[in-house]
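Just below is one structure, and these are the notes that go with it.
Computed from the coordinates by the stated procedures, all read-outs in this text should not be read as laboratory data. Bear in mind the structure is a predicted one, so any value in this text is a computation, not a measurement. Cβ placement follows ideal geometry from the backbone for every residue including glycine, while neighbour counts extend to all protein chains displayed.
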Ligand SMILES: [Zn+2]
Ligand SMILES: [Zn+2]
């Protein structure tokens, strides 16, 4: 297919011909050919890093468009809009949904499973595709750990009526399981009843199959992976600290949802925090410690792959309006590695 030359090209060509600059002639064919069709797809959503002897793979479940000013609480819509605009974002923001796969050498562990089909077609739900692109099959997963049972973390547990990870033990904090699966009267607060139904639909099949295991505060859930209680967003919300050869990665789940807002003002909460006050306190405490220590963090909803560190931003309150404890933070994304300098994997003698 040929298109007429744009006027600028025509003038440039005629001028160059007039000047007798024949050296430009080889450039002409590209100017008259039609553009290649646009592809408009993304690369498979995985990003791999080594952590000591462990291989960690961030897996993208895709994104969900979210109107931040409608779900952010303890702030105003105007303030949210202003904070987003500082990062050149506007509502609705495309929010990443990330999960993390840890191959310890003895166990293959998936932390969170994405949203599955709960957000409808073509909104998230790409975890299986990302997992396979990353070189693994769902049958190989030994353990699934959930940071909490919200549907954007547990929705990938089932594939229609089958357990999506048929050989995996599902592990979740005992308080989390009791809250979402328990048949007690509803707790205080205004938790949408649909969240309870979704939780049961995803987790009960594992329970029925004898594949659900609960843990308590601080338990080592898999050798090299420890659960750290971070209740607030949900009653049994758990971070996981992954550690190998002195290197540490803390997988923080939903300790933060919107970086552009909550890094600057950690006191801002979200409508689906089960206990907003506790969630904000947890975030303030965790941010302070992680920034001080320079911890490597993995978040479920920071832009994929969601791996990076927190830095303290300027003087307390320097952003104009102080956040919790007057501190604000900045996100330092992990430096990209092509993997070309990693040691080759050792072949396991089975
Ligand atoms: Zn959540
Ligand atoms: Zn979430």
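For region 110-202, what is the relative contact order in percent, using Cα pairs closer than 8 Å and at least 6 residues apart in sequence? Display every interim value, and only then the final one.
Values: 130 pairs, mean separation 28.3, N = 93.
Over region 110-202, the number comes to 30 percent.
In percent, how large is the relative contact order of region 46-333, given Cα pairs closer than 8 Å and 6 or more residues apart?
Details: 646 pairs, mean separation 49.9, N = 288.
Rounded, it is 17 percent for region 46-333.
If you count the DSSP beta bridges with both ends in region 46-333, what percent of them are antiparallel, to the nearest 5?
Details: 43 of 57 bridges.
Approximately 75 percent, going by the DSSP bridge assignments.
How would you order 113-126, 213-226 from highest to lowest mean count of nearby Cβ atoms within 10 Å?
Numbers: 113-126: 19.4, 213-226: 16.4.
The most tightly packed comes first, giving 113-126, 213-226.
I need the semi-axes of the equivalent ellipsoid of region 46-333: take the C-alpha gyration tensor, multiply each eigenvalue by 5, square-root it, list largest first in whole angstrom. Intermediate values should be presented prior to the final figure.
Details: eigenvalues 161, 93, 67 Å².
Result for region 46-333: semi-axes of 28, 22, 18 Å.
Ranked highest first by the average count of other Cβ atoms within 10 Å around their residues, in what order do 149-161, 199-211 fall?
Details: 149-161: 21.7, 199-211: 16.8.
The peptides rank, most packed first, as 149-161, 199-211.
Arranged from highest to lowest average of other beta-carbon atoms within 10 Å per residue, in what order do the peptides 260-268, 302-310 appear? Numbers along the way, then the final one.
Values: 260-268: 23.7, 302-310: 20.8.
Highest-to-lowest ranking by the protection proxy: 260-268, 302-310.
Of all the Cα-Cα pairs you can form in region 184-288, what percent are over 20 Å apart? Show your work: numbers first, answer last.
Numbers: 2817 of 5460 pairs.
Here the tail beyond 20 Å accounts for 52 percent of pairs.
Once you sort the root eigenvalues of the Cα gyration tensor of region 91-183 as a ≥ b ≥ c, which label holds: rounded (a/c under 1.5), prolate (a/b larger than b/c) or oblate (the other case)?
Working: a/c = 1.56, a/b = 1.05, b/c = 1.48.
Oblate is the answer for region 91-183, as a/c is 1.5 or above yet b/c matches or exceeds a/b.
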